[in-house]
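The values are calculated or read from the model by the stated rules, or taken from the named source; none is laboratory data. Everything quoted here is computed from the prediction, not taken from an experiment. Heads up, the Cβs are rebuilt from the backbone with ideal geometry, glycines too, and the neighbour counts pull from every protein chain shown. Protein only, heavy atoms only, side chains kept; ligands, DNA and RNA dropped before computing areas. Shrake-Rupley method; radii C 1.70, N 1.55, O 1.52, S 1.80 Å.
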Amino acid sequence: MGKIKLAVIGLGNMGRNMIHRLVPRYAGQVELVALCDSSEESLRRESEAVNGAPKLYTDYRTLLAETDADLVYIAVPPSMHYEAVKLAFERGIHVFCEKPLANSLEEAKEMVQLAEQSDRLNVVHFSFPLEPAVLKFRELIEQGVAGEIERADLYLEFPSWPRAWQQNDWIGTRREGGYLLEVGIHWINMIQQTFGPIVAVRSEVEFPADENLCETVTTAVLRLESGLEIHLSGTDRRESEEGEERVSLVVRGSGGTVALENWGSLFVGAAGEEPKKVMEDEDHDGEGQYLPIFGQILRILNGEKGTVYDFRDGYQAQLVLEALRNPTGNGKFVELPSALI
């Protein structure tokens, strides 16, 4: 196969990362043929900074009707995923879609069905389980370094939300944003890949008086099929001397502690000892920036073996996400379906 023709829809943080970092990294394998964003100014500015001459569109429907792309990267708000994915599959285009998969469980289920009716590759942006620090974390857990696991804590704690570098019209909305949706979804998928299915969720979520704004404080328990419960602490009011966020998973057991701190720092300690840093993923400079899954996609499209997370994985993560974001209010666990019918 020659160069894979790529179209990118959405020029926010992830779309810009794709065209300015990932495409140049894989320049021998990828040709950027089309860009789409609702802002003509963004289109002009970003297209001037890339090699080649991609076609420019302000309407993704027109792009998908006209493009000769082999692969489309959908990096727009969740409410736009369903239609863009549907049109791409109708044109026979492979799809790499940002997380979460959809804006509702109903849409996510239909997108799985559309994907499986097509013969095209369908991938959700879940790179996190493939990053070096996470692979090592999973290896240590599987080797039993923590011993019999007694407690696991997931921290999604931010001084404010949205972050200063992450401002847009939707990231702070209840409908399409919030740290549970934007960040928590990565950890939900990673947890399920590492420990097995999450089968029940209990959550309490505080929302602002303004019904348009996303969650502030979250406390939750994610129960795994094994019976292990992961305790989640989420907030947009974290207090720290330097105003830093904490996005981490800490596993404690009879043998000690294994902790993945702030995405890419791995800490290990024997029972009764303070955990010490054993690995720092220097390539991981922020959520989703390393994006190893893109290289896996290219391997698969070139007929080689690769590891990706498909729309079914996206649906299973969305089940947990929706249960988290919509608590029952009675303090009871919500049992999740075991399979997608």
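With the Cα gyration tensor of region 51-185 giving a ≥ b ≥ c as the square roots of its eigenvalues, does the rule (a/c under 1.5 for rounded; else a/b larger than b/c for prolate; else oblate) give rounded, prolate or oblate?
Taking the square roots of the gyration eigenvalues as a ≥ b ≥ c, region 51-185 is prolate.
Taking one equal scatterer on every alpha-carbon of the chain, how large is log10 of I(q)/I(0) by Debye at q = 0.08, 0.09 1/Å?
-0.38, -0.49
When you count, for each residue, the other Cβ atoms within 10 Å and take the mean per peptide, how do 46-54, 103-111 rank with the highest first?
Put in order of decreasing packing, that is 103-111, 46-54.
Quick check: from the Cα gyration tensor, does region 1-69 come out rounded (a/c under 1.5), prolate or oblate?
Oblate is the answer for region 1-69, as a/c is 1.5 or above yet b/c matches or exceeds a/b.
How tilted is helix 81-90 with respect to the longest principal axis of the chain? Cα atoms for both, answer in degrees (0 to 90, nearest 10).
The helix 81-90 is inclined about 50 degrees to the chain.
For region 178-277, give the magnitude of the charge dipole about the Cα centre (Cβ charges: +1 Lys/Arg, -1 Asp/Glu; no others), in debye to the nearest 20.
For this selection, approximately 560 debye.
Which peptide among 117-123, 143-149 comes first, and what is the full order, when sorted by highest mean count of other Cβ atoms within 10 Å?
The densest-packed peptide leads the list: 117-123, 143-149.
Over region 146-280, how many percent of alpha carbon pairs lie in each 10 Å bin up to the one with the longest distance?
Per 10 Å bin, starting at 0, the Cα pair percentages come out as 12, 39, 35, 13, 2.
Which order, highest average first, do 306-317, 26-37 follow once you tally other Cβ atoms within 10 Å for each residue and take the mean per peptide?
Answer by packing, highest mean first, reads 306-317, 26-37.
Send over a whole-number figure in Å² for the accessible area per residue of the chain, probe 1.4 Å.
45
Mind checking the dipole of region 1-118: about its Cα centre, +1 per Lys or Arg Cβ, -1 per Asp or Glu Cβ, Debye to the nearest 20?
It comes to approximately 420 debye.
Using only DSSP helix segments of four residues or longer, with each worth -39500 (n - 2.57), what per-residue ellipticity at 222 nm results for the chain after dividing by its residue count and rounding to 500?
So the calculated ellipticity at 222 nm is -8000 deg cm²/dmol.
Find the relative contact order for the chain and round it to a whole percent, using C-alpha pairs within less than 8 Å whose residues are 6+ positions apart.
Contact order relative to length: 18 percent.
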